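Laboratory data are not the source of any read-out in this text; all were calculated from the coordinates shown. Note that the coordinates shown come from a computational prediction; the quantities given were computed from them, not determined experimentally. Every residue, glycine as well, gets a Cβ built from its backbone with ideal geometry; the counts of neighbours run over all protein chains shown.
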Amino acid sequence: MNRLGSKFVPLLNRRQALELAGAVSLGLTSVCLAEENSPASTVETFEIIDTNVHLFRWPFRRLPLDETVRLVKKLRQFNISQAWAGSYEGLLHRDLSSVNRRLYQQCAEFPELIPIGTINPNLPGWQRDLEDCKTKFNMPGIRLYPNYHHYTLKDLFVTELLQRAESLGLFVQIAICLEDRRTQHRSMQVQDVEISPLSELLGQLPNLPVQLLNAKLPAALTAQLAKLPNLFLDVSRVDGSAGIAQLAEVFPLNRILFGSHAPFLIPEAALIRVHESGQFDKAELQAIYAANAVALLKASRS
């Protein structure tokens, strides 16, 4: 039900949301709401910005949408007008300059895709790679993988990296987890990123927007992080239909962004979780789907 407004709006149920996958053949190409008691079932469409996708191959198995053309087709099917794309190559490749160049070139072929560069501060020349993300590739942000690149947020060079990103007008995304440890390859067990140092780090950098991707946090820690006005979360790892509403009880809704973690997960999964929450009115849904992401972009450029 509508939580803040006076008008009650029924959300799509699970079956309807799943049927969106075949909606193109019916002429319905966007996520929608049908207003109650509307004789013509008035459809309201939403712009959607997916802040958490990757291109190229996941290193450990093939994924159904790991070809860019197929991924973009799926995004268009659900009216996802923009997707912030990192590169799976950035996890294990050492030449990140080439990784970011290939990502930039691939995204240039699809207007929906916004390239987000990978930086590994454990590699020599990361400062140049960071500068190139802004000056050569016109990327709005960078993505960090501390667990795959074997450093922690306590390391001194992380402070330097974040300071440089802020000075360049880049936002920073930190991938907390990419795969549940129970399904990881035995030769590469990767822990979730320890985020406790963030409070001190971001306290020193109030103008740097930072988004956590795939974070699954206890309520107490989430409430603590909510005090950081420049910290954003995505919904990709929220559990169940009630999870996003529960998140919004302890974390500001205007800093919750839509993210699907595609192609590792299918976009439908995140869309269903948002719709089945049943707690948000149209304005709140639009904020989660796109407006909050636009605000993050503006904050990084101000």
Problem set entry | Paramagnetic reach from GLU200 (point 7 Å along Cα→Cβ, amide N under 17 Å) across the range 156-171 | 156-163
Exercise. Between PHE56 and residues 5 or more places away or on another chain, which pairs have amide H atoms under 5 Å apart, with H built 1.01 Å from N, and which residues are they?
Worked result: THR68
Exercise. So for THR51, THR68, fewest C-beta neighbours within 10 Å to most, what's the order?
Worked result: THR68, THR51
Problem set entry | Between the range 255-302 and the range 226-241, the alpha-carbon center distance in angstrom | 10
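How long is the gain from LYS136 to ALA223 if the chain were fully straight, where each residue apart is worth 0.36 nm and the alpha carbon distance is subtracted?
Values: separation 87, 0.36 × 87 = 31.32 nm, distance 3.81 nm.
Fully extending the segment from LYS136 to ALA223 adds 27.5 nm.
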Seminar exercise, completed: Note: GLN189 to TRP58 extended length (0.36 nm per residue) minus current alpha-carbon separation gives 45.7 nm
Exercise. What is the helix-to-structure angle for 126-135, meaning the angle in degrees between its Cα long axis and the longest Cα principal axis of the chain, kept from 0 to 90 and rounded to the nearest 10?
Worked result: 50
For this session: Just tell me which lysines come within less than 24 Å, Cα to Cα, of LYS298; anything on the same chain fewer than 8 places away is out.
Result: LYS134, LYS136, LYS227, LYS282
Exercise. Which net charge results for the neighbourhood of ASP192, defined as the other residues with beta-carbon distances under 14 angstrom from its beta-carbon, given Lys and Arg at +1 and Asp and Glu at -1?
Worked result: +1
Seminar exercise, completed: Pseudo-spin-label distance THR152 to ARG301, built 7 Å along Cα→Cβ, given in nm, is 3.8
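Where both partners of a DSSP beta bridge lie in the chain, what percent of those bridges are antiparallel, to the nearest 5?
Of those bridges, close to 10 percent are antiparallel.
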Seminar exercise, completed: Diffing the range 244-258: the Karplus 3J(HN,Hα) column from phi (6.51, -1.76, 1.60, θ = phi - 60°), in whole Hz with x for Gly and Pro, holds 6, 4, 5, 4, 5, 6, 10, 9, x, 4, 6, 10, 9, 10, 6
For this session: Could you compute the FRET efficiency for GLU249 and GLU179, with r as their C-beta to C-beta distance and R0 at 25 Å, rounded to 0.05?
Result: 0.35
For this session: Specify the angular offset, from 0 to 90 degrees and rounded to the nearest 10, of the alpha carbon long axis of helix 292-301 from the longest principal axis of the alpha carbons in the chain.
Result: 30
Seminar exercise, completed: In degrees rounded to 10, the 0-90 angle between helix 156-168 Cα long axis and the longest Cα principal axis of the chain is 60
Exercise. GNM on the chain, C-alpha springs below 10 Å: top fluctuator among ARG255, ARG94, ARG143?
Worked result: ARG94
For this session: Give the residues of the range 58-102 whose amide nitrogen is closer than 19 Å to a point set 7 Å from the Cα of LEU168 in the direction of its Cβ.
Result: 84-102
For this session: Compare PHE280, PHE60, PHE46 in a GNM of the chain, Cα atoms joined below 10 Å, and give the one with the largest fluctuation.
Result: PHE60
Problem set entry | Residue (of HIS261, PHE280, THR68) at the positive-pole extreme of the chain, dipole from beta-carbon charges | THR68
Exercise. Expressed as a rounded percentage, what relative contact order does the chain have, with Cα pairs under 8 Å and six or more residues apart?
Worked result: 21
